[in-house]
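Taking it in order: structure first as structure tokens, then the write-up.
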Amino acid sequence: MIKPRNCEVILNYDCNARCKFCYHPDSALTQVEKRMPLAQAAASLYKGRKEKCWVAYLIGGEITMREDLPKIVRLARSMGYPYVQVMTNGLKLADPAYARKLVNAGANIFRISVHGPDAKTHDNLVGVPGAFKKVMKAFENLTSLGAEISINHALCKYNYKKLKALLEIISGRFGIEDFNVIFPHYNGMMAERASELKVSVTQAVPYVREALAYLKDSRAVIEDSLLVNFSPCNLPEAVHLMAEWERPSVPKADEPLFHIDGREARIHGLKESLCLKNKTCRDCVYNSRCMGFEKWYADIFGAKEFKPVKKEVPPFPLVPSHNRLKQAQALFRKDRAGDAGAGLAKPSRKARLAKRRA
Ligand code: SF4
């Protein structure tokens, strides 16, 4: 199955929230002066589009802190990206005028962070009173504008037992089909606060199973994989619902990631460079495909939880719909040469100028 390729671009580190589990250090969150220059953002996006990426995935920090975000979204669309995905904490999208501005600029997927099913949990974790209310308002605004919503949810001690309750809201109430339940990176503030926030895979897995059972029983539609930063041995029946555990089948399929200073990396290459494996992994049926588990996790919890899977087990009966993927494939088929990259739009004059200045 052909999947749309992402071009991830880190636009800035500064942020208007103070998430306790952030994988950046606190000092990064005020670095307004270190934002990626507009010309560099244009050059990175252009490079990704030339590599046949379909999704311009704009990430931070909190990218809505940049006044020029609508301009960057427009630039990406002018280069021919059919999808521009905005990763955000959702705070500024509570303002209907701002949400409309981004949608009108061409943003069509909003990946919003929600870290608990209630104001007390979410507001405490993101360090902003009233944040949960604003996120719910952002959902309403974006839904009324016809934009697609995806969710990021990072597991920690304060929320891991509430995963099912959260899904009852995002899937049950808002009908959101695309969400990532993320096992956090124990880096930055998350590492500094590990003694307060940490939760092991073994502690979290029963609640992840409870949440999966809820999705199955409620006949929820899920777009794609929903467990991020898990290894197959953590939940062998849900390997088909995991993302980012497997090496790309061919290295050149790995997707580009542009750091704030313009350095280019590869998503899976970067992830694998952060991973370890046990000697016993060689006895695991997933060994040749699995990238392992994060060093940062092992520094805190050790590596004993990662035990070889001797035999694959039947998959949990929850099947991704790939509705969004099917839409993307329809775009793919429309492309004149049957290759999304062949449809690379000539960048606008503004994009060409920005690229030249980069
Ligand atoms: S290879 Fe190792 S880390 Fe990966 S699933 Fe198997 S035991 Fe777990």
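The values are calculated or read from the model by the stated rules, or taken from the named source; none is laboratory data. Note that the coordinates shown come from a computational prediction; the quantities given were computed from them, not determined experimentally. Cβ coordinates were reconstructed from backbone atoms using ideal geometry, including for glycine residues, and neighbour counts include every protein chain displayed.
With respect to Gly269, is the statement that it is outside any strand (DSSP E or B), away from the ligand (no atom under 16 Å from the Cβ) and closer than 17 Å to Lys295 by Cβ true?
Judged against the criteria, Gly269 is a match.
Assuming Ser249 fulfils every condition listed in (1) in a loop (DSSP other than H, G, I, E, B); (2) at pLDDT 95 or above apart from one, which condition is it?
Condition (2) is where Ser249 drops out.
Which of (1) over 28 Å from Leu145 (Cβ atoms); (2) at pLDDT 95 or above does Pro25 not meet, given it meets every other one?
(2)
Scan region 89-131 for residues that are small (Gly, Ala, Ser), in a helix (DSSP H, G or I) and touching a residue at least 40 places away in the same chain (Cβ under 8 Å) and report the count.
So the count comes out to 3.
Could you tell me which of the residues Glu237, Glu264 is more than 20 Å from Tyr57 (Cα to Cα) and either of a type outside the set (A, V, I, L, M, F, W, C) or away from the ligand (no atom under 12 Å from the Cβ) (or both)?
That would be Glu237, the only listed residue that is more than 20 Å from Tyr57 (Cα to Cα) and either of a type outside the set (A, V, I, L, M, F, W, C) or away from the ligand (no atom under 12 Å from the Cβ) (or both).
Being touching a Gly at 6+ places or on another chain (Cβ under 9 Å), surrounded by 18 or more Cβ atoms within 10 Å (Cβ to Cβ) and at pLDDT 95 or above is the filter here, so list the residues in region 28-40 that pass it.
Met36, Gln40 - these are the residues of region 28-40 that are touching a Gly at 6+ places or on another chain (Cβ under 9 Å), surrounded by 18 or more Cβ atoms within 10 Å (Cβ to Cβ) and at pLDDT 95 or above.
Yes or no: Lys20 on the phi > 0 side of the Ramachandran plot, modelled with pLDDT under 95 and among the charged types (D, E, K, R)?
Considered against the rule, which asks whether it is on the phi > 0 side of the Ramachandran plot, modelled with pLDDT under 95 and among the charged types (D, E, K, R), Lys20 comes out as no.
Could you please give the count of residues in region 74-88 that are part of a helix (DSSP H, G or I) and within 20 Å of Asn16 (Cα to Cα)?
Qualifying residue count, region 74-88: 0.
Which one of these does Asp261 not meet: (1) within 22 Å of Tyr186 (Cβ to Cβ); (2) surrounded by fewer than 18 Cβ atoms within 10 Å (Cβ to Cβ)?
(1)
Residues checked against (1) part of a helix (DSSP H, G or I); (2) modelled with pLDDT of 95 or more; (3) out of contact with any His (no Cβ under 6 Å at 6 or more places or on another chain):
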position	(1), (2), (3)
Lys157	no, yes, yes
Lys162	yes, yes, yes
Tyr186	no, no, yes
Met190	yes, no, yes
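Of everything in region 27-72, what is assigned to a loop (DSSP other than H, G, I, E, B) and among the hydrophobic types (A, V, I, L, M, F, W, C)? Give them in sequence order.
Result: Met36, Cys53, Trp54.
From the list Glu196, Glu177, Glu210, which residue is in contact with an Asp or Glu (Cβ under 7 Å, 6 or more places away or on another chain) and charged (D, E, K, R)?
Exactly one of Glu196, Glu177, Glu210 is in contact with an Asp or Glu (Cβ under 7 Å, 6 or more places away or on another chain) and charged (D, E, K, R), namely Glu177.
Kindly indicate which of Ala107, Ala76, Ala97, Ala56 is farther than 21 Å from Val128 by Cα and surrounded by fewer than 19 Cβ atoms within 10 Å (Cβ to Cβ).
Ala97
Could you please give the count of residues in region 283-310 that are within 13 Å of the ligand (Cβ to nearest atom), touching a helix residue (DSSP H, G or I) at 6+ places or on another chain (Cβ under 9 Å) and not hydrophobic (A, V, I, L, M, F, W, C)?
Qualifying residue count for the region: 10.
Matching residues to (1) touching a residue at least 60 places away in the same chain (Cβ under 8 Å); (2) in a helix (DSSP H, G or I); (3) under 17 Å from Leu166 (Cβ atoms); (4) in contact with a Pro (Cβ under 8 Å, 6 or more places away or on another chain):
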{"position": "Val199", "(1), (2), (3), (4)": "no, no, yes, no"}
{"position": "Ala204", "(1), (2), (3), (4)": "no, yes, yes, no"}
{"position": "Arg209", "(1), (2), (3), (4)": "no, yes, yes, no"}
{"position": "Arg219", "(1), (2), (3), (4)": "no, no, no, no"}
{"position": "Ser225", "(1), (2), (3), (4)": "yes, no, no, yes"}
{"position": "Val239", "(1), (2), (3), (4)": "yes, yes, no, yes"}
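Determine whether region 172-188 contains at least one residue that is more than 28 Å from Val9 (Cα to Cα), surrounded by 17 or more Cβ atoms within 10 Å (Cβ to Cβ) and touching a residue at least 24 places away in the same chain (Cβ under 8 Å).
no
Which residues, taken from region 5-22, are of a type outside the set (A, V, I, L, M, F, W, C) and out of contact with any Lys or Arg (no Cβ under 8 Å at 6 or more places or on another chain)?
Scanning region 5-22 gives Asn6, Glu8, Arg18.
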